[in-house]
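Here, each number is a calculation from the coordinates, and none is a lab measurement. Just so it is clear, the model here is predicted, and its values are computed rather than measured.
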Amino acid sequence: MNSTKTLRVSCAQLHWARSLDRNLDQTIRYIRLAADEGSRVVLFPEANLTGYYFPDVTRIPPESVDRALESVCKAAAANNIWVIVGTLKKTSDRCLNLAHVISPNGTIAYEYAKVHMAGRDERKYCRGGNKLALFEIDGVMCTLAICRDGRHPELYRLPAMAGARVLFHPSCSSDEIEAVVWKRVSGRAQQPVGPNSRIFHCVANTVGQSPDGKQTSSGQSFIRDVNGLPLAEAGWYQEEMITAVLDIERADRFYALESMRNPPFLRAYWKKMVEEVRAMADQKPQ
């Protein structure tokens, strides 16, 4: 049983290629706005603190990223709200593309590393994570996928089988203008999370151009009901925040659970995979 029947969620849509200081200021601003809206959770885009423009990201000292995270933790505590932010953090073997789930008491309660890299720069500078995401927010089981991860339904359907009712999906849908326009027309090629799993789907995407003008991002952050219909949507160009109330009881995970039952010869394999997801869920991203 869940300890809450509804969850008010905000998604902040921010620029993807600005400085760490500017990103931190905007993040704290939207944390306050989300709290003022009465939201319990605010989701930010992929790598919203460091930015996703690799010529700049690779020059950011790791200690600066740590200080920015500490500031976000303090803002979460000051506003009594769950915050999900993203960073690109250096390790001994390239970077991890991380989502940090920060609790209302100001501690990092969970971390997930993106599994599937996207684009030439990310493949060069980053490597994939080692687990799927499964964690609780106020008693509601949730999962995470980061941008390109969303094209791989097993990354959120297995957590849905394990109990997840909400998919938080930070994204940076940056590309050349032709590809971005196609993404807008096609709905950003998002997988039908609700219609194939019956869980909520919350996406915080980016907007804006790169400093060299060669790339832009598609915007259109959204919050979708378990049947795939929009509860809230953002525009294509501007930084903004959207908010919706999730009726958690609607997220019955029906289609994900049906996959575990039929066809019968797959049941044992699904059960084994779900057990592995649960067993690895709390491991630190490596």
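In this structure the amide hydrogen of residue 50, modeled in the peptide plane, comes within under 5 Å of the amide hydrogens of 88, none closer than 5 places in sequence on its chain.
Using the Karplus relation 6.51 cos²θ - 1.76 cosθ + 1.60 with θ = phi - 60°, the per-residue 3J(HN,Hα) values for segment 132-139 come to 9, 9, 8, 7, 10, 10, 6, x Hz, with x marking Gly and Pro. GNM on the chain, alpha-carbon springs under 10 angstrom: the most fluctuating residue among 161, 260, 241 is 260. In degrees from 0 to 90, rounded to the nearest 10, what is the angle of the helix 267-280 Cα long axis to the longest principal axis of the chain? Once rounded, the angle reads 40 degrees.
What do you get when you divide the Cα radius of gyration of the chain by 2.2 N^0.38 Å, with N the number of residues? Don't skip to the answer; put the middle values down first.
On the way: Rg = 17.6 Å, N = 286, 2.2 N^0.38 = 18.9 Å.
Output field value: 0.93.
Computed over the chain, relative contact order equals 21 percent, with contacts defined as Cα pairs under 8 Å that lie 6+ residues apart.
How fast does segment 1-96 diffuse by Stokes-Einstein, in µm²/s, taking the Kirkwood radius from C-alpha pairs at 25 °C and 0.890 mPa s? Before the final figure, lay out the partial values.
On the way: Rh = 14.0 Å.
The Stokes-Einstein estimate is 176 µm²/s.
For residue 6, the residues 5 or more places off, or on other chains, whose built amide H falls under 5 Å of its own are 248.
Residues considered: 168, 265, 44. Largest GNM mean-square fluctuation over the chain, using C-alpha springs under 10 Å, is found at 265. Compute the Cα gyration tensor for segment 59-144, then decide on rounded, prolate or oblate, letting a ≥ b ≥ c be the square roots of its eigenvalues: rounded whenever a/c is under 1.5, prolate when a/b is larger than b/c in the other cases, and oblate in all that remain. Oblate, since a/c reaches 1.5 and b/c is not below a/b.
Short to long, the 10 Å bins of the Cα pair-distance histogram for segment 119-189 hold 17, 41, 30, 11, 0 percent of all pairs.
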